[in-house]
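Enquirer: First the structure, then my questions, so here it is.
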Amino acid sequence: MSAPPESFLRKTILPLAAYGPPRDPAAVPLHLNESPSDVPEDLKRALVERLFASDWSKYPITDGAGLARKLAETAGVDPAGTMVGNGSNELLQLLLFAALEPGDRIVVAAPSFALYALQARALGATVVEVRLRQADGSFRFPIEEIAQASKGAKLVLIGSPNNPTGTTMTLSEADRLAISCEALIGIDEAYRDFCGQDFALLLAKHPRLVLFRTFSKALAAASLRCGSLFAAPSLCAELRKIQLPYNLSAAACLIAGELLGHLDLVRERASLVAAERERVSAGLRDRGCTAHPSGANFILFEQDDRPARELHAALFRRGVLIRDVSSAPDLGKALRVSIGAPKANDAFLAALGAEL
């Protein structure tokens, strides 16, 4: 009998479970941390006209570099240290692929975005988890513990705000982490717009710092699949050697570049989401839940009345889909709800009140 085709893959891949959010349809989908508002219709129509007039037969040879320059100018960083990709996840994977060899150690927070550890383990790396949950039940980044764990590690990879807890680092904490860690330090800033975070200020001071950003959250363009990486120009020069050519389409570059010209609207909408986040947090507390502080467009909450999985299913039966994260480390009672439009948030709170 011939060997099955999957037997030729890396042995580190076969034991892994695929990452994938639930795809069940729901009247009120609050499980993917998407923007509650689409790109304005007049802007979409103008962009469609420009796409229609463009030549689709040509490779996007310079489009990505042009977008990178716009991003660098907007963020106030070196264009030579700016890269764009098919979502920030592609750039995260690129750094992991370039940095990690079998047996290398990578430090992540626990709990955090599952893709960090999944991709690292697929490359044969050893994942070292540093717990965010404290003895009092709160979540915070233990900077000293992360720095200690980084000794001998190749990479530290964390998110701030962190998914799924919403935990944020201050600028001074990020600075202290970059000073004290002996490894490359990757910080995923996907949700930064909802708390005013900006670690780009630290890049010139810390050449081992790598930042990841996205157009999928506050910029309301998750379907675009566009992200960016800011790092030392010398590191980006090496990463470009193995990045796939034409990795971002001309359409994505065009739309993303135009969105950068509307950052006042992005800030306005992010402020509205932050205000709704506080309103929903108060509503959760009114219903007897613990709503953990969040700097993102979602809230992690816990309650003691019903098992998390059971409550998740009950809300789904009422047409509200949120994220069950109770299988993650230290989150046995936890669920995560995205902040949607006010009407969707009201529907969630009403359904929750009916079930608790």
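Enquirer: If contacts are Cα pairs under 8 angstrom and at least 6 residues apart, what is the relative contact order of region 244-310 in percent?
Expert: Values: 30 pairs, mean separation 12.7, N = 67.
That works out to 19 percent.
Enquirer: To continue, here is another question. At R0 = 41 Å, how high is the FRET efficiency between Tyr246 and Ala314 if r is their beta carbon distance? Nearest 0.05 is fine. Don't jump to the answer; show the numbers that get you there.
Expert: Values: r = 47 Å, r/R0 = 1.14.
Computed FRET efficiency for Tyr246 and Ala314 comes out at 0.30.
Enquirer: Taking springs between alpha-carbon atoms closer than 10 angstrom, which of Arg323, Arg285, Arg105 fluctuates most in the Gaussian network model of the chain?
Expert: Checking each option, the largest mean-square fluctuation is seen for Arg285.
Enquirer: Related question: Suppose the chain between Thr74 and Ala3 were pulled fully straight at 0.36 nm per residue; how much longer would it get relative to their current alpha carbon spacing? Numbers along the way, then the final one.
Expert: Numbers: separation 71, 0.36 × 71 = 25.56 nm, distance 5.25 nm.
Additional length available on full extension: 20.3 nm.
Enquirer: Quick check for me: using +1 on Lys/Arg Cβ and -1 on Asp/Glu Cβ, what's the dipole size of region 229-356 about its Cα centre, in debye to the nearest 20? Mind dumping the intermediate values first?
Expert: Numbers: 16 positive and 15 negative charges, 42 e Å.
Charge dipole, region 229-356, about its Cα centre: 200 debye, nearest 20.
Enquirer: Quick one: which of 3-15, 110-122 comes out on top by average Cβ neighbours within 10 Å, and what's the full order, highest first?
Expert: Highest mean packing first, the order is 110-122, 3-15.
Enquirer: Please give the direction-averaged projected area of the C-alpha convex hull for region 60-112, in square nanometres with one decimal.
Expert: On the way: hull surface 21.5 nm².
Result: a mean projected hull area of 5.4 nm².
Enquirer: Given 0.36 nm per residue, what is the gain on full extension from Asp42 to Asp55 after removing their alpha carbon distance, in nm? Please list the in-between numbers first.
Expert: Numbers: separation 13, 0.36 × 13 = 4.68 nm, distance 2.24 nm.
Computed gain between Asp42 and Asp55 is 2.4 nm.
Enquirer: Still on this structure, please answer the following. So, R0 is 22 Å and r is the distance between the beta-carbons of Ala237 and Asp198; what FRET efficiency does that work out to, to 0.05?
Expert: Working: r = 25 Å, r/R0 = 1.11.
That gives a FRET efficiency of 0.35.
Enquirer: Something else now. With 25 Å as the limit, write out which pairs from Lys11/Lys217; Lys217/Lys241; Lys11/Lys154 have Cα-Cα distances beyond it, or answer none. If you can, show how the numbers build up before the last one.
Expert: Values: Lys11/Lys217 35 Å; Lys217/Lys241 29 Å; Lys11/Lys154 21 Å.
Too far apart for the 25 Å limit: Lys11/Lys217; Lys217/Lys241.
Enquirer: Report the dimensions of region 66-187 along its three principal axes from the alpha-carbon atoms, largest first, rounded to Å.
Expert: Sorted from largest, the Cα extents of region 66-187 read 48, 33, 26 Å.
Enquirer: Using a 10 Å cut-off on Cβ atoms, rank the peptides 145-158, 52-65, 169-182 from the highest mean neighbour count down. Kindly include the intermediate steps, with their values, before the conclusion.
Expert: Numbers: 145-158: 20.0, 52-65: 11.8, 169-182: 16.8.
Packing order, densest peptide first, comes out as 145-158, 169-182, 52-65.
Enquirer: What percentages, rounded to whole numbers, describe P(r) for region 167-311 computed over all alpha carbon pairs with 5 Å bin width beginning at zero?
Expert: Pair shares across the bins are 2, 8, 14, 16, 16, 16, 13, 8, 5, 2, 1.
Enquirer: Take the alpha carbon atoms of region 104-250, find their radius of gyration, then divide it by 2.2 N^0.38 Å using N residues; give the quotient. Present the calculation step by step, with values, prior to reporting the outcome.
Expert: Working: Rg = 15.2 Å, N = 147, 2.2 N^0.38 = 14.7 Å.
Cα Rg divided by the expected 2.2 N^0.38 Å: 1.04.
Enquirer: Per DSSP helix of 4 or more residues, -39500 (n - 2.57); summed, then divided by the residues of the chain. What does that give at 222 nm, rounded to the nearest 500? Walk me through the numbers before you get to the answer.
Expert: Working: 11 runs with 130 residues, N = 356.
Computed mean residue ellipticity for the chain: -11500 deg cm²/dmol.
Enquirer: Hey, could you grab the Kirkwood Rh for region 229-313? Inverse mean 1/r over distinct alpha carbon pairs, Å, one decimal.
Expert: Numbers: mean 1/r = 0.0581 Å⁻¹.
Radius from the Kirkwood sum: 17.2 Å.
Enquirer: While we're here: Equivalent ellipsoid semi-axes for region 1-157, as square roots of 5 times the alpha carbon gyration tensor eigenvalues: give them largest first, rounded to whole Å. Please list the in-between numbers first.
Expert: Numbers: eigenvalues 230, 115, 93 Å².
Each semi-axis is the square root of five times an eigenvalue, giving 34, 24, 22 Å.
Enquirer: For region 303-356, what is one quarter of the convex hull surface built on the Cα atoms, given in nm²? Please list the in-between numbers first.
Expert: On the way: hull surface 13.9 nm².
Here the figure is 3.5 nm², rounded to one decimal.
Enquirer: Starting from the Cα of Glu101, step 7 Å along the direction of its Cβ; do the same at Ala27; then give the gap between the two resulting points in nm.
Expert: 5.8
Enquirer: Further, regarding this structure: Under the rule a/c < 1.5 gives rounded, and otherwise a/b versus b/c splits prolate from oblate, where does region 201-256 land using the Cα gyration tensor?
Expert: On the way: a/c = 3.21, a/b = 1.42, b/c = 2.26.
Oblate shape, in that a/c is at least 1.5 and b/c is the bigger or equal ratio.
Enquirer: Let me ask another. Based on the alpha carbons, how large is the Rg to Rh ratio for the chain when Rh follows Kirkwood?
Expert: On the way: Rg = 20.7 Å, Rh = 21.4 Å.
Here the Rg-to-Rh quotient is 0.97.
Every number in this text was worked out from the coordinates using simple rules, so none of it is lab data. Note that the structure is predicted; figures quoted are calculated from it, not measured. In this analysis, Cβ positions are derived from the backbone assuming ideal geometry, glycine residues included, and neighbour counts consider all displayed protein chains.
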